[in-house]
Amino acid sequence: MNAQPELLPETSAAAAQQAIVEEFACFGDWTERYQYLIDLGRRLPPFPAEWQTEANRVQGCQSQVWLVAEGDARNLRFHAISDSAIVSGLIALLLRVYSGRPAREILDTEPRFVEAMGLAQHLSPTRNNGLAAMLAAIKQHARQALA
């Protein structure tokens, strides 16, 4: 698979989630799925070093994760990176679902793909906590954009 999250502009967060579930269903086991997740993380766009500040760091992640939001309530775009390969892959999935969407759609969209693909059961508790922290940070930016 050569799918690159930044090049797949699905028309909605729901369509992005469905596409993710279908892509991961193509793999026979979780070893292959983890490798694909790592590959997605490697394809994240460059993240400027000057954005790697304490103010942009996502709290609650065991790994180092930085998240920057830009845009407004009509179109909120996210940029993020981690020092962990698997977490970078999780970031790629979250960006695909949430980046480039209206703030209201971001707030109304639960990450159903996580359950649908069985991801939560295959992540360590600390990675699940980190995923929740990244999602909370994305939704907080959406709330701020609407305020």
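Read-outs: derived from the displayed coordinates by stated rules, not from any lab. The structure presented is a predicted model; accordingly, all values stated were derived computationally and were not measured. Cβ: placed from backbone, ideal geometry, glycine included. Neighbour counts: every protein chain shown.
Miscellaneous remarks
- R0 of 25 Å, Cβ-Cβ distance His122-Arg43: FRET efficiency to nearest 0.05: 0.75
- Modelled spin labels at Asp83 and Glu70, positioned 7 Å past Cα toward Cβ, are 2.5 nm from each other.
- Shown here for the stretch 60-133: trypsin sites (Lys or Arg not before Pro) in loop regions (DSSP other than H, G, I, E, B) with at most 15 other Cβ atoms within 10 Å, namely Arg74.
- Where only DSSP H runs of four or more residues are counted, the chain gives -15500 deg cm²/dmol as its mean residue ellipticity at 222 nm, each run worth -39500 (n - 2.57).
- Over 27 Å [Cα-Cα, the chain], rounded percent: 14
- Label-to-label distance, Asp29 versus Ala15, with points set 7 angstrom from Cα along the beta-carbon direction: 3.6 nm.
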